[in-house]
Amino acid sequence: MTDCNNCKDSLEAQVKALKDLIEVARAVVSTLDLDTVLQAILTSAMRFAETPAGSVALYDDRKMELSLHAHAGLSANFIKTERWDVSPGGLTQKVLSAGEILFIEDTLDTPFFNNPIALNEGIRSLICVPLVIQKRTVGVLYLDDFVPRMFDREKLNLLSVLSSFAAMAIYNAKLHNRTKLMAITDALTGLHNHRYFQQQFPQELGRAKRYQKPLSLIMLDVDDFKKFNDTYGHACGDLVLAAIGEIITMTLRRVDFAFRYGGEEFIVLLPETKLESAIQVAERLRERIERETVTALKGIASHGVTVSVGVVACPENGSGRDKLFNKVDALLYRAKGEGKNRVYYEQADGDGTQS
């Protein structure tokens with residue numbers, strides 16, 4: 001009778017584990033938003049494994065780098081490390097190499113576990129689950145406990161099934177994000193396109209007004225671009241535009257927005273940036289474009305290109321969307337009319353000024 005009861009209990013436990021796994025699978029394939037997917041993976045896996053903490057890191061195999069994307073039950077000091085390299089011989093390197101789930105029942109008795117941040121956090125036991133699709137690891141799921149413990153291997157071996165769902169969900173979410181990004185990206189320059197500017201400008205302007213923060217707008221136009229195309233050909237002109245896109249990207253902060261507005265015209269949005277700082281950014285862009293397009297066109301054209309630039313800021317130059325846009329456009333064309341290759345802005349008293 002006892003054996004029968006044990007069999008019944010084991011069968012019930014297996015059924016419950018499978019039901020839990022189905023719930024996990026349902027959660028991770030229910031959305032294409034990457035952040036939502038990762039949090040669903042983590043929350044469901046923590047519940048499944050009965051651990052109080054955990055995290056999900058995505059893996060960049062080109063940089064050999066992990067980046068933290070979802071976490072729960074961990075301190076602010078732990079999660080402030082957003083990116084880290086894969087240490088040779090360490091826990092993550094072993095997981096990535098083996099491509100299998102790794103259990104650690106006591107970190108203090110595990111010689112290769114030497115992560116000082118995790119040890120300072122008090123993590124004493126954990127499960128590492130590689131998230132693999134088509135033989136490529138896209139991330140690692142960490143399930144942590146703060147006491148040494150024995151893990152139910154039979155139940156947790158089902159995590160390998162979960163990891164397959166999770167990896168597929170991450171892959172699909174990334175694919176979805178890339179598709180969305182293509183819709184708002186200019187293929188030639190890699191910057192955002194005109195359509196996205198029309199969406200983002202009113203949003204950033206509204207945010208600036210709501211939180212009483214400054215917002216600056218820079219408009220750039222390549223000088224004599226038609227003449228350049230006529231002289232060197234459109235392929236060379238495309239090379240110039242691509243180079244300018246790269247220069248703009250490399251010059252700006254991560255919080256800034258850059259757009260190819262159309263043709264040879266570019267727009268930059270600088271959140272939480274006053275007019276004085278925006279003028280400095282504009283001048284830096286003008287100088288870099290003049291200097292670095294010479295290098296980009298070496299052996300193709302005898303010179304680089306220059307840009308004329310207009311700069312405005314909210315609230316110094318107004319707060320209305322149309323007013324700011326028309327003003328920066330007018331300043332740009334004033335820069336062109338008065339010699340090109342220069343930056344024009346408007347002081348608070350309304351006097352147009354060249355930097």
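Exactly one residue out of GLY299, GLY262 is at positive phi and without any contact (Cβ under 8 Å) to a residue 24 or more places away in the chain: that is GLY299.
Which of the residues spanning region 73-101 are under 18 Å from ILE41 (Cα atoms) and touching a strand residue (DSSP E or B) at 6+ places or on another chain (Cβ under 6 Å)?
GLY73, LEU74, ILE79, ILE101
Which residue is least open to solvent (accessible area, probe 1.4 Å), if the candidates are limited to region 75-109 and must be touching a helix residue (DSSP H, G or I) at 6+ places or on another chain (Cβ under 9 Å) and more than 27 Å from ARG136 (Cβ to Cβ)? Only one residue tops the list, namely THR107.
Being in contact with a strand residue (DSSP E or B) (Cβ under 8 Å, 6 or more places away or on another chain), crowded, with 22+ Cβ neighbours inside 10 Å, in a helix (DSSP H, G or I) and not aromatic (Phe, Trp, Tyr) is a description that does not apply to LEU269.
Scanning region 197-206 turns up no residue that is farther than 20 Å from LYS327 by Cα, in contact (Cβ under 8 Å) with a residue 40 or more places away in the chain and open to solvent by 30 Å² or more (accessible area, probe 1.4 Å). Within region 31-43, the residues that satisfy the criterion of being open to solvent by 10 Å² or more (accessible area, probe 1.4 Å) and in a helix (DSSP H, G or I) are LEU34, ASP35, THR36, GLN39, ALA40, THR43.
Taken over region 163-188, residues that are assigned to a helix (DSSP H, G or I) and either open to solvent by less than 30 Å² (accessible area, probe 1.4 Å) or touching a Phe, Trp or Tyr at 6+ places or on another chain (Cβ under 9 Å) (or both) amount to 7.
Only residues that are part of a loop (DSSP other than H, G, I, E, B), within 18 Å of ASP145 (Cα to Cα), out of contact with any Cys (no Cβ under 8 Å at 6 or more places or on another chain) and among the β-branched types (Val, Ile, Thr) were counted across region 73-110, and they come to 1.
Does ALA278 satisfy the condition of being among the small types (Gly, Ala, Ser), touching a residue at least 40 places away in the same chain (Cβ under 8 Å) and closer than 27 Å to GLN347 by Cα? For ALA278, the condition - among the small types (Gly, Ala, Ser), touching a residue at least 40 places away in the same chain (Cβ under 8 Å) and closer than 27 Å to GLN347 by Cα - is met.
For residues that are of a type in the set (Val, Ile, Thr) and either more than 31 Å from the chain's Cα centre (by Cα) or open to solvent by less than 20 Å² (accessible area, probe 1.4 Å) (or both), scanning just region 225-263, find the one that is farthest from THR306 (Cα to Cα).
Here the residue is THR231.
Scanning region 44-74 for residues that are open to solvent by 40 Å² or more (accessible area, probe 1.4 Å) and closer than 21 Å to GLU105 by Cα returns ARG47, GLU50, PRO52, HIS71, GLY73.
Here ILE117 passes the criteria (1) among the hydrophobic types (A, V, I, L, M, F, W, C); (2) open to solvent by 20 Å² or more (accessible area, probe 1.4 Å); (3) in contact with a Gly (Cβ under 7 Å, 6 or more places away or on another chain) except the one numbered (3). Scanning region 134-158 for residues that are in contact with a helix residue (DSSP H, G or I) (Cβ under 7 Å, 6 or more places away or on another chain) and surrounded by fewer than 22 Cβ atoms within 10 Å (Cβ to Cβ) turns up THR137, VAL138, LYS155, LEU156, LEU158.
Scanning region 207-224 for residues that are part of a helix (DSSP H, G or I) and open to solvent by 80 Å² or more (accessible area, probe 1.4 Å) returns ARG207, LYS209, ARG210. In region 111-129 there is at least one residue that is part of a loop (DSSP other than H, G, I, E, B), within 19 Å of PHE151 (Cβ to Cβ) and touching a Lys or Arg at 6+ places or on another chain (Cβ under 9 Å).
The values are calculated or read from the model by the stated rules, or taken from the named source; none is laboratory data. Not measured: the values here are computed from a predicted model. Please note: Cβ atoms are built from the backbone with ideal geometry, for glycine as well, and neighbour counts cover all protein chains shown. Just the protein is used for accessible areas: all its heavy atoms, side chains included, with ligands, DNA and RNA removed. Shrake-Rupley method; radii C 1.70, N 1.55, O 1.52, S 1.80 Å.
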